[in-house]
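See below for the structure under consideration.
Bear in mind these aren't lab numbers, they're just calculated from the coordinates by the rules spelled out. Note that the structure is predicted; figures quoted are calculated from it, not measured. All Cβ positions, glycine included, derive from the backbone under ideal geometry; neighbour counts span all protein chains shown.
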Amino acid sequence: MSENPVIQANNLCIDYRLGKHWINAIRDVSIVIKPSETHGLVGESGSGKSTLALALMRYLTKNARITSGEILLDGENLLTKSDANMRKIWGRDLSLVPQDPLASLNPSYTIGNQIAEITQLHQGLSGQESLRRAVEMLRRVKIADPEAVARKYPHQLSGGMQQRVTIAMALSTQPRLLILDEPTTALDVTTQAVILDLFRDLIRDNHAAALYVSHDLGVIAQMCDRVTVLYSGEVMAS
Ligand code: ADP
Ligand code: MG
């Protein structure tokens, strides 16, 4: 079956500025992710996994520059899009589940309101509708008593619950590509297993694609249909 890729990067090179110098982090990397695929990105710490994952969303830090290559989302080059355009694409088409859930949640909003805000912004849902949808998303990530959790603040939840909330947020707009950057690192083993099962169901049910970043080959082998191995900023195998 020759399905068009959801996202495709061709010959990417990325540098970081450190003081006066530019240090190369990603060298001539190409990657193709197709619909319904869970694509693993594995490599040792510092090999460039997060840099590549964030580049695919055009979400790099300010001291990074893409020196060559292109990134195509449904065939359109993201590198030529305006910032305003990118803000629409983030959340709607591309979602990130970050490594540290608490840091990515807003401490002063309830869980329900944070999830609701995303669908209000990207799908134009009303306040009431978006809150209903937030509770439904919490139920889908298997949070017990989602109505009560929706009224809580991030610090009132355990690490595992916070991570489920970030997953619910990332999936609330049914993105084309979900990027999970070492999402289970902060979790205990039992919670990891539950959350890994959940990803698989959610990716299948949403017909999305996912890029699953991990330094753990065992997790990648269990989770992913295809794998790209990074070594020192280059693709070693795919
Ligand atoms: P990984 O996610 O595989 O651990 P990273 O993509 O975080 O690897 O890092 C790849 C390389 O880029 C490393 O040498 C790291 O030090 C460097 N790097 C990552 N982020 C930054 C940054 N914001 N500024 C400067 N260098 C960075
Ligand atoms: Mg990383």
Give me the distance in nm between label points sitting 7 Å out from Cα along the Cα-to-Cβ direction at residue 21 and residue 144, one decimal.
5.4
Count charges around residue 45 for me, please; just the other residues with Cβ under 14 Å from its Cβ, Lys/Arg as +1, Asp/Glu as -1.
-3
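How big is the equivalent ellipsoid of the chain along its three axes, where each semi-axis is √(5λ) from the Cα gyration tensor, reported in whole Å from largest to smallest?
For the chain, the ellipsoid semi-axes come out as 29, 20, 18 Å.
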Highest first, please rank the peptides 71-79, 7-15 by the mean number of other Cβ atoms sitting within 10 Å of their residues.
7-15, 71-79
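Pull up the DSSP beta bridges for the chain and report the antiparallel fraction as a percent, rounded to 5.
Counting DSSP beta bridges with both partners in the chain, the antiparallel share is about 55 percent.
Starting from the exponent 0.38 and prefactor 2.2 Å, build the expected Rg for region 143-201 from its residue count and divide its actual Cα Rg by it.
Scaled against compact globular proteins, the figure is 1.13.
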Structure shown: which of 81/142; 34/142; 34/152 lie over 29 Å apart, alpha-carbon to alpha-carbon?
81/142; 34/152
Here the convex hull volume per residue of region 129-238, taken over Cα atoms and given in Å³, is 117
For the chain, calculated [θ]222 nm from helices alone, where every DSSP H run of n ≥ 4 adds -39500 (n - 2.57)
-11500 deg cm²/dmol
Net charge of Cβ neighbours under 15 Å - reference residue 145; Lys, Arg +1; Asp, Glu -1:
+4
Please work out the Cα center distance from region 132-147 to region 24-40, rounded to the nearest Å.
32
Report relative contact order for the chain in percent, whole number only (criteria: Cα-Cα under 8 Å, sequence separation at least 6).
31
Net charge over other residues, Cβ less than 9 angstrom from the Cβ of residue 26 (K, R count +1; D, E count -1):
-2
Measure of size requested: the Rg and Dmax of region 1-107, with Cα atoms as the atom set and Å as the unit; please supply both.
14.5, 48
Rh (Kirkwood, all Cα-Cα pairs) for region 121-165, Å, reads 11.1
Return the Rg/Rh ratio of region 46-169 with Cα-based radii and a Kirkwood Rh.
1.02
